Amino acid sequence: MTTVDMATERVADGAALRDWDDTPLIPVWCEHCASRVFVRKKSPEHTQVQWTTSTERCLELGDADDRRITCSRLRSSIEAAVKRGALPVPGL
């Protein structure tokens, strides 16, 4: 079972996605392509993104073989989630 499969399975079971430090992964939807990812902020500078589906719907990442690590549109959606309080950030 892949990490994506395990994450999807845990979400389907209704359990919060957490890692070793018990910081929850919060679902965030991209405001541009509607892709859903799970995000954790451990500080204002640190952002962890876990994709649970393919990146095909992402307008910047698509299914490119170079596997870029960031999408400016998704970054904007994550920042908006932080601003409205939907994504907690320790230290803010």
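The values are calculated or read from the model by the stated rules, or taken from the named source; none is laboratory data. None of these values were measured; they are calculated from a predicted model. Glycine gets a Cβ as well: all are built from the backbone with ideal geometry, and neighbour counts include every protein chain shown.
Once the range 17-39 is narrowed to residues that are of a type in the set (A, V, I, L, M) and at pLDDT 75 or above, the residue that is farthest from the chain's Cα centre (by Cα) is ALA34. Yes or no: ASP5 assigned to a loop (DSSP other than H, G, I, E, B) and either at pLDDT 90 or above or not β-branched (Val, Ile, Thr) (or both)? Answer is no for this residue.
Contact map, the range 51-72: residues that are assigned to a strand (DSSP E or B) paired with residues that are small (Gly, Ala, Ser) and modelled with pLDDT of 80 or more, Cβ distance under 9 Å, separation 6+ or inter-chain. Pairs shown: TRP51/SER35.
Comparison of ARG57, ARG67 shows that the only residue that is among the charged types (D, E, K, R) and modelled with pLDDT of 80 or more is ARG57.
Residues of the range 21-50 that are surrounded by fewer than 16 Cβ atoms within 10 Å (Cβ to Cβ), touching a residue at least 24 places away in the same chain (Cβ under 8 Å) and among the basic types (Lys, Arg): LYS42 alone.
Just one of the listed residues (GLY62, GLY14) is modelled with pLDDT under 80, surrounded by 13 or more Cβ atoms within 10 Å (Cβ to Cβ) and among the small types (Gly, Ala, Ser), and it is GLY62.
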